[in-house]
Every structure is written in structure tokens, then in C-alpha cells.
Amino acid sequence: MIALFVLRTKGDVKYFTIHSFDKSNLVKHCFTTRCGGVSQGEWESMNLRINCGDKRENILKNYEIISETIGVNVKSLVLSKQIHKTDIVDVDKNDCGNGLFYDNKFDSADALVTNQKGVTLVTFYADCVPVFLLDTKREVLALIHSGWRGTYDEITPKTIKHMIDKYNSNPNDIIAAIGPCIRQCHFQVGEDIAKLFAQKYTKKIVIQSSGKFYIDLPGCINMQLTSMGVVPDNITDAMLCTYCNPELFYSHRRDSDKRGTMAAIAALV
């Protein structure tokens, strides 16, 4: 597994791209930071969180800024509807603008998949794990929001299976990336949740310190990826903790609800 997310800067905007995805020449993509937007106060500054109290005009401007920065049409964005389930939604050009320019029509969508060019997938994060998947042969793209429930319920393996069943993807052709998220150093859970993960995965996924339990969600997802046949050398892990880097990332665990939201954004080209 390689650790190669690249921090890029354009004006005041700071964002990450994935080296293996850049090399594919098949996608425009990024994982945003909190830097380079126009939001103020607790949402400062690149807040992409809808319906949070931030001014709508600021949120729209932030979307315009990041879209222009990575070279996608803001009107092509398709926003997810994340409720910590494992529902996977296939999207196409008819969905462009969903959740941004008209009301979100998805009841539940923690994973978005497309094989159409000009459709830009958007999923949201403030500690949960972003997972990027790209079938480089069939040209199928997926973004996954994987919190602890989604991780335990295997949303990533289910998305890969969906890509296999619907798009005839071969896991050997899939490159994957695990984005910035809360890491084991700060992801404290109750003993009951810790036991569930230790039983389902391995004991090293859970560490105990001073009577507290901490889970390695990216470690779980890496195991899930390889168990589905994704080649280890095709997996990139950002190795960045949202909690530990307040200058770059919003974090729900660190800041509670007084914060904005980052996004994973990707489109086939």
C-alpha cells in the first residue's frame, strides 16, 4: 500500500489529488480542505455542507470555486444523501445538479457510481472515511462515504460487488484510495462497538489505552478492499487524520457541529 495523496494549491484553494488517479488520465478529482472558500465564522472557509446555517450564497460560491479549480462544470455536480447506510446509487447526466440546484431526490445514497463522462460525483466528510474507486478498464467511477456503521456493514465491498455485477468490473483493474479521515489515534468508541470490530476483523483493528477503545477504520477498509480482490499495490492511503490537522480539515469529533464539511469530488473525462 502506498501513501501518496498530493496537496495542491491554486490561489487560496488547497486540495488533495491522488497520484494513481492523476496517472490514469481518466478522471478529474479532488478531496477538498477547509481552505480557499468564502464562508465565515465556524464554517470558514471552503464549507461544502448544505443546510448547516451557512449562507447559501457562500456555499454555492464555494462549489463554483472548487469546480473551477479542478476543471469541472458546477452544474454537473451530483450530491449524495448520506445517512450511514449501505445504499448504492447509479447516477447519470439526468442527475446533474441533484442536491445543489434542486432538492436532493435520493432517499439514501452513501455510495455513488457512474460510467458516464461529464457527471461529477460528490460525497461529504468531517471525519468519516472517503473511499475512491476507479475501474481503469471499464471506466467506472465510485465514491463511498464510510463511517463506522458503513464500514462495519461493508459498504465498500458491496460497492465493488455492485461494480462487478452491473458494470462487469474486474477487481484487478480497480485502483482505490482511502482519503483523509479520523484515524485510530482519535477514533474512540464504546467497548460494545470495539468488541464487534475485533470479532469481525482482527484484534489489531482495536487498541485499548487507559480503559478507552480506539478503532482503525482505514485499516478495516484496506482489509475489505484486498478481500474483494483489489491488488494491494493499487490501494492508496492518505495517512492523514482530520482530527489532528485543524488547519486543513473540519472534524466533527474535534469541533462538534460547529464546523463545515469537506468533499470528495470526481468525474470521468
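Taken together, the values in this text are just the output of simple stated rules run on the coordinates, not laboratory data. Values in this document were obtained by computation on a predicted structure and should not be read as measured data. When we count neighbours, we look across all protein chains shown, and the Cβ atoms used for this are built from the backbone with ideal geometry, even at glycine.
Counting Lys and Arg as +1 and Asp and Glu as -1, what is the net charge of the other residues whose Cβ lies under 11 Å from the Cβ of Lys81?
Values: positive: Lys85, Lys105; negative: Asp87, Asp103, Asp107, Asp110.
Within the 11 Å Cβ shell, the charges total -2.
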Item to complete: Would you list which lysines come within 17 Å of Lys61, measuring only between C-alpha atoms, while excluding same-chain residues fewer than 8 positions from it?
Response: Lys10, Lys14, Lys75
Worksheet entry | Förster radius 30 Å - calculated FRET efficiency between Ser24 and Ile207 (Cβ-Cβ, nearest 0.05) | 0.30
Response to the item:
Rounded to whole angstrom, the alpha-carbon centroid of region 134-194 lies from that of region 205-258 at a distance of 12 Å
Worksheet item: Under 25 Å Cα-Cα from Lys137, which lysines qualify once same-chain neighbours fewer than 8 residues away are excluded?
Response: Lys23, Lys28, Lys93, Lys117, Lys158, Lys161, Lys166
Worksheet item: For the chain, what does -39500 (n - 2.57) per DSSP helix run (n ≥ 4), summed and divided by total residues, give at 222 nm, in deg cm²/dmol to the nearest 500?
Response: -7000 deg cm²/dmol
Response to the item:
Unpartnered Cys in the chain, judged by a 4.7 Å Cβ-Cβ cut-off, are Cys30, Cys35, Cys52, Cys96, Cys128, Cys181, Cys185, Cys220
Worksheet item: In region 5-268, what percentage of the DSSP-assigned beta bridges are antiparallel, given to the nearest 5?
Response: 80 percent
Discussion item. Springs between alpha-carbon pairs under 10 angstrom, Gaussian network model over the chain: which of Val131, Val27, Val122 fluctuates most?
Written reply: Val27
Worksheet item: When only DSSP loop residues count, what chymotrypsin sites (Phe, Trp or Tyr not before Pro) in region 94-168 have their Cβ near at most 15 other Cβ atoms within 10 Å?
Response: Phe101
Worksheet item: Given that just one value was derived from the coordinates, which of (1) 160; (2) 143; (3) 116 is volume of the Cα convex hull per residue in Å³?
Response: (3)
Discussion item. Among Lys117, Lys137, Lys61, which one shows the highest mean-square fluctuation when the chain is modelled as a Gaussian network with alpha-carbon springs under 10 Å?
Written reply: Lys137
Worksheet, complete the sentence: Any aspartates and glutamates whose Cα falls less than 17 Å from that of Lys195, other than same-chain ones fewer than 8 residues away, would be Asp153, Glu154, Asp216
